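Below you'll find the structure, written out as structure tokens, and then a few comments.
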Amino acid sequence: MATVQFDQITKSYGAVEAIRDFNLDIEDGEFCVFVGPSGCGKSTALKMLAGLEATSGGTISIGGRDVTELGPGKRDIAMVFQNYALYPHMSVRKNIGFGLKMQGLPANDINAKVEEAARVLELTPYLDRKPRALSGGQRQRVALGRAIVREPAAFLMDEPLSNLDAKLRVQTRSEIVKLQRRLGVTTIYVTHDQTEALTMADKIVVMKGGEIQQVGSAEQLFHAPVNVFVAGFIGSPGMNFFHGKVESGPQGPVTRFGGHDIPLPAKCAGMSGRDMIFGIRPEHIRVGEDGPGVALSLVENLGTEKILHFHTPGENVLELDRAQVGADEERDAQTMLIRVIDDRRYSEAETLALAFPVEKLHVFDPDTHEAAAG
Amino acid sequence: MQQRHPLNTIALYLTVLVTCGLLLFPIYWMVVTALQPASNLRAYPPQFWPADPQWNVFADLLAKHPFMLWFSNTILIAFATMTISLAVSILAAYALSRFRLRGGQGLGLFILTSKMLPATLLIIPLFAIFRSTGLVGSLWSVVIAQATLIVPFCTWMLKGYFDTMPPELEQAALVDGCSPLGTIFRIVLPVAAPGLAATALYAFVVSWSDFLFGRTFLTTNDESWTLQMGIASLKGEFVTEWNVIMAGSIMASIPIIIVYLFLERFLVGGLAAGSEK
Amino acid sequence: MIPTIDFSAPRHRAKFGYLLLAPAVLLMAVIIVYPILLSVSISMQDVRIARIGDSGEPWTLENYQWLFGSGETWHALWVTFKLVAVVGGLSVIIGFATAMLVNQKFRGRAAARLFVALPWAVPEVVATVIWAWMLDSSFGLVNWVLLTSGLVSEPIAFGSNPTAAFAAVCFVMIWKGYPLMSIMLLAGLQSIPEEQYQAAKVDGAGVWQRFWYITLPNMLPVVGVTMVMTTLWVFRDFAIIHVLTQGGPLGATTTLSILTFEQSFEFFRMGQGAAVGVLTMVLCAIISRALVGRMAKSVH
């Protein structure tokens, strides 16, 4: 059990800076998820914490102890790898017990601990099998077993679920969280999947291009993203963006969207005349009220919910690089989405009147992409 | 998969049989010749089947020539070469595969290039070195000379093998508290065992089959002759006893053929990894 | 007190890499790099039997004057190229044919694959003495077959007729050389996706068209690599020719390798031998450039 601190960590490969100015405090027992698109530096940060990669600057502490110059084995951590990295020539029993053996524990103690870990993870019947005789889910549990049996100060997990099929992934996700709650071990978990981050973490660290974008709880990231990237990255489907000029209307600041005035939050009053980026989540757009009319271009029926697509009005289209807004692959700048859960039938080419609730509207600075303070 | 016409099947089998028969005929002829009585060897037409196999040809071979000495010299050289080359190559191949080292790429290229050096050039300076160090005539001279060919080859072959292993295995072991050297012995080597076996066998075959180094460094010392030198010398004798030579040839090939039968599966991957890739 | 370095520490991991590399680098420096430099220096001295330490001999280009001035070198070069052409050409044909054959689907294919490349496992000296016996001018099987079939009227003297001796060397080298070709070409054949053939069948391509438009283009890179490997092997090989013909008769089978050995260890003119060796090395380097260029991409 321990706190983990990154203090001014940098990492560069030659002239390329992979990680810049990485500062982070993780509380004892916290479940912290590093999330971001590939190449954002999240795995590098984890490897530096594990001692598998050298830092280029700064210090890392685990439980208040500076471990920056210590080898992985001396940091009192356990790690679960994406490909599990089970030792193929050892039985499950030997795999789980390997770390304890390296600590020099007597064989009896090792065996007792291994049996206990196997019982917790329901691996007892497989203890004497080789990893290749196990299913993907079982291998994944062996990798977990290898971590928990050591009772380390921190768990490090590098995309441990990405090799599982979708159903098993959801199931294992909650099992890992339950296990972590019960053991109370500080956990640092790396993933590219924002759903995993939202569902598992106490603290989410959103990264891009080697820099931390925002640190916070799922709630904070969802409701108060600090910039366009976090806003677009968190949530599925991601946030809709459009741009427009702030004007002053009779009841306060407004912007034009598809020929209609959209009321803006009061903080926009001071931005009058400026072009801003606005964001609204698909589930926050309200349908069937008075407001701008849009023609649906596509209706996706997902059972309980429906995703409605419509073209962003021409003058509101925001041309931004996908990577900058953290949007997922299938989004393009010209389309906005509405997520509805109701019994109404929607058909393509149908025209809907929309309302953008003012309290759900996010406003960003077009130059810095940061949330506008007002 | 469509069904082949039965006639085509028969034609295919015939082709395979005839091809193998023709290509392997020299090996068959080696065995037949060895078992013929010496008088039959000048028979006209030649005897294609040893009607009366003469097994005592092997006893003859052992009696007339220091065959066992050659055999044991060859085995000693092969084992020494294999062990030394492998020990050095394993470490180097692992380092080249896993570490981004300054000069690592240059060394990789050097290893590749040195596989193409003409051995006939190397023997001149090596002879000078061995003469000055008194190693001419010693089995060590051949072991060292063979290492010039085998170390680069094994290093390249093993690097190819290590490249296919996920580095997370060793990372996991390091996190588990294993030392870097312990990681090699407890994780890397056991996991790479098939690749190591193939490489070791390959080194053994190359060493066993060597003639040039033995001929150059050991000719002056009868006590150090290898099998290949011995067999070559039998051919050069005034009266050529082909049945005895063939008996010796059989004995000199059998270990290698056995090794080949085990090695063939790895040969494709190993040679391809060592050359083409 | 010497501070002990913990090689598991992230900062020191690379040092561990260098440490692992050290024995190989040292060994190769001593047994490869130094000898190569030494051989270049020997080639530029008038040395009969070389030993290290007696560097009294003055530098000279005499050996290279001999190298390019004497007919021996040019003749050896010519023999080497002829051998490369014949052995390379025929063993690639046999190798390709056998690879195609054992790439067919039939019961016992695994065994056929094993047998078809078996000569690879026969040591060169053994292969040579078997062929020496089969090619024996008085009682050899080959002569018997040729005489009985009426192809020749009197036995061919493979030992004393220059053309016949060259042919004899070719026989052995092809027999020893085709299996590696076969093994590597088979690997190449197996890597051609089956879909390409199926698509061609659907398009109505016959057996020959499939060979010509699918197999051959796919195989060209592999054929290129195996050809270079075989060329290098023929350039450098020593045992087969030395045991079969000693380079004779009349130098008809004296390749650069044989000339190197002959000058150095039979005539004891190691300076001249080294000069031939250096020439061989340069030629091999040029030939292998094609191959190395290909491989260099995979170094990292």
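Throughout, read-outs are computed from the coordinates displayed, never taken from laboratory work. These figures come from a predicted structure and were not determined experimentally. A quick note on method: Cβ atoms are made from the backbone with ideal geometry, for glycine too, and the neighbour counts reach across all protein chains shown.
Do the alpha carbons of any pairs in A:K74/A:K208; A:K113/A:K178; B:K115/C:K176 sit beyond 24 Å of each other, and which pairs?
Working: A:K74/A:K208 30 Å; A:K113/A:K178 20 Å; B:K115/C:K176 19 Å.
Checking Cα-Cα distances, A:K74/A:K208 exceed 24 Å.
Wrap a convex hull around the Cα atoms of the range B:104-179, take a quarter of its surface area, and give that in square nanometres. Present the calculation step by step, with values, prior to reporting the outcome.
Values: hull surface 29.8 nm².
With every direction weighted equally, the projected area is 7.5 nm².
Roughly speaking, what % of Cα-Cα pairs in the protein assembly as shown are separated by over 44 Å, rounded to a whole number?
Details: 230873 of 451725 pairs.
Counting pairs separated by more than 44 Å, the tail of P(r) holds 51 percent.
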Would you work out if chain C is rounded, prolate or oblate? Take a ≥ b ≥ c from the square roots of the eigenvalues of the alpha-carbon gyration tensor; rounded if a/c is under 1.5, else prolate when a/b is larger than b/c, oblate otherwise.
oblate
How much net charge surrounds B:A38 when only the other residues with a Cβ under 15 Å from the Cβ of B:A38 are counted, with Lys and Arg +1 and Asp and Glu -1?
-3
What the Cα atoms of the range B:55-170 span along the principal axes, largest first and in whole Å, is 57, 38, 22
Bins of 10 Å, starting at 0 and running to the largest distance - Cα pair percent for the range A:1-73
20, 55, 23, 2
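If you take each beta carbon of peptide B:16-24 and count the beta carbons of other chains within 10 angstrom, what is the mean? The partial results should precede the final answer.
On the way: counts 11, 1, 0, 8, 9, 1, 1, 11, 6.
Across B:16-24, the average partner-chain Cβ count within 10 Å equals 5.
According to the square roots a ≥ b ≥ c of the eigenvalues of the Cα gyration tensor, what is the shape class of the range C:1-74, taking rounded for a/c under 1.5, prolate for a/b larger than b/c otherwise, and oblate for the remainder? If you can, show how the numbers build up before the last one.
Working: a/c = 5.45, a/b = 3.04, b/c = 1.80.
Because a/c hits 1.5 or more and a/b exceeds b/c, the range C:1-74 counts as prolate.
Within a 10 angstrom radius of each residue's Cβ in B:253-261, how many Cβ atoms of other chains show up on average? Whole number is fine.
Numbers: counts 8, 1, 2, 5, 5, 1, 1, 8, 3.
For peptide B:253-261, the averaged partner shielding equals 4.
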Descending packing, highest mean Cβ count within 10 Å first, for C:36-48, C:154-166 is C:36-48, C:154-166
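From other protein chains only, count the Cβ atoms within 10 Å of every residue's Cβ in A:70-82, then give the mean. Don't skip to the answer; put the middle values down first.
Details: counts 5, 14, 12, 13, 4, 2, 1, 1, 4, 6, 2, 7, 2.
So the per-residue partner count for this stretch is 6.
Once you charge only the Cβ atoms, +1 for Lys and Arg and -1 for Asp and Glu, what is the size of the charge dipole of chain B about its Cα centre, to the nearest 20 debye?
Using only the charged Cβ atoms, the result is roughly 560 debye.
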What order do you get for A:C268, C:C170 when you list them from fewest to most C-beta neighbours inside 10 Å?
C:C170, A:C268
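When N counts the residues of the range A:4-230, how does its alpha-carbon radius of gyration compare numerically with 2.2 N^0.38 Å, as a ratio?
Details: Rg = 17.5 Å, N = 227, 2.2 N^0.38 = 17.3 Å.
Normalised Rg, Cα atoms only: 1.01.
Count charges around A:L164 for me, please; just the other residues with Cβ under 12 Å from its Cβ, Lys/Arg as +1, Asp/Glu as -1. Please list the in-between numbers first.
Numbers: positive: A:R139, A:R141, A:K167, A:R169, A:R173; negative: A:E159, A:D165, A:E175, A:D193, A:E196.
Surrounding charge for A:L164 is 0.
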Can you pull the percent of Cα pairs in the range A:234-364 with separation above 20 Å?
42
For the range C:72-81, in order, what is each residue's ³J(HN,Hα) by Karplus, 6.51 cos²θ - 1.76 cosθ + 1.60 with θ = phi - 60°, in whole Hz (x at glycine and Pro)?
4, 4, 5, 5, 4, 4, 4, 4, 4, 5
Build a GNM of chain A with springs between Cα atoms under 10 Å: which of A:N95, A:N240, A:N111 gets the top mean-square fluctuation?
A:N111
Phi angles of the range B:115-123, converted by Karplus (6.51 cos²θ - 1.76 cosθ + 1.60, θ = phi - 60°) into ³J(HN,Hα) in whole Hz with x for Gly and Pro, give 5, 9, 5, x, 5, 5, 6, 4, 5
Using the Cα centre of chain C as origin and beta-carbon charges of +1 (Lys, Arg) and -1 (Asp, Glu), tell me which of C:V84, C:P10, C:S264 is placed farthest towards the positive end of the dipole.
C:P10
Return the sequence-ordered ³J(HN,Hα) values of the range A:292-307 in whole Hz as given by the Karplus equation 6.51 cos²θ - 1.76 cosθ + 1.60 applied to θ = phi - 60°, using x for Gly and Pro.
x, x, 10, 9, 6, 9, 7, 10, 9, 9, 9, x, 5, 10, 10, 10
A:A154's amide H: which non-local residues (gap 5+, or another chain) put their own amide H closer than 5 Å, with H modeled 1.01 Å from N in plane and none for Pro or chain starts?
A:A78
Could you give me the percent of Cα pairs per 10 Å distance bin for the range B:154-240, shortest bin first, beginning at zero and ending with the bin that holds the maximum distance?
15, 29, 19, 16, 14, 6, 1
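Which net charge results for the neighbourhood of A:I285, defined as the other residues with beta-carbon distances under 10 angstrom from its beta-carbon, given Lys and Arg at +1 and Asp and Glu at -1?
Spelling it out: positives minus negatives among the neighbours equals +3.
Rank these for me by crowding, A:D332, A:D7, going from fewest to most other beta carbons within 10 Å. Mind dumping the intermediate values first?
Numbers: A:D332 10, A:D7 15.
Ascending number of Cβ neighbours within 10 Å: A:D332, A:D7.
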May I ask you to order B:207-220, B:23-36 by the average number of other C-beta atoms within 10 Å around their residues, highest value first?
B:207-220, B:23-36
Would you mind getting me the FRET efficiency between B:A51 and C:F267? Use the beta-carbon distance for r and R0 = 45 Å, nearest 0.05.
0.40
Please report, in debye to the nearest 20, how large the charge dipole of the range A:1-82 is about its Cα centre when each Lys and Arg carries +1 at its beta carbon and each Asp and Glu carries -1 there.
320
Residues whose modelled amide H sits under 5 Å from the amide H of A:F34, counting only those 5 or more places away in sequence or on another chain, are A:Y189, A:V190, A:T191, A:V205
Of A:L156, A:T44, A:G97, whose Cα points farthest to the positive end of the dipole of the range A:4-230 (charges on the beta-carbon: +1 Lys, Arg; -1 Asp, Glu; origin at the Cα centre)?
A:G97
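Can you put A:C40, B:C20 in order, fewest other beta carbons within 10 Å first?
B:C20, A:C40
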Value of relative contact order over the range A:234-364, rounded to a whole percent, pairs C-alpha under 8 Å and six or more apart
33
Let me see the P(r) profile for the range C:105-183: every Cα-Cα distance counted, bins of 10 Å, each bin given as a percent of all pairs.
17, 39, 27, 14, 2
Unit charges on C-beta of K, R, D, E only; dipole of the protein assembly as shown, Debye
1940
Considering the options C:F158, B:L7, B:F79, tell which one lies farthest towards the positive end of the dipole of the protein assembly as shown, charges being +1 on Lys and Arg and -1 on Asp and Glu at the Cβ, about the Cα centre.
C:F158
How compact and how long is the range B:57-267, expressed as Rg and Dmax of its alpha-carbon atoms in Å?
20.0, 69
Cross-link partners among aspartates and glutamates for A:K94, C-alpha distance below 20 Å, same-chain residues fewer than 8 apart left out?
A:D76, A:D109, A:E115, A:E116, A:E122, A:D128, A:E151, B:E168, B:E170, B:D176
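Would you mind classifying the range B:1-120 by shape? Square roots of the alpha carbon gyration tensor eigenvalues, ordered a ≥ b ≥ c; an a/c under 1.5 is rounded, otherwise it is prolate if a/b is larger than b/c and oblate if not.
It is oblate, given that a/c is not under 1.5 and a/b is not larger than b/c.
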Rg [Å, one decimal], Dmax [Å, integer] - the range B:6-55, C-alpha atoms:
14.9, 46
Need the list of lysines near A:K267 for cross-linking: C-alpha distance under 23 angstrom, and skip anything on the same chain fewer than eight residues off.
A:K245, A:K360
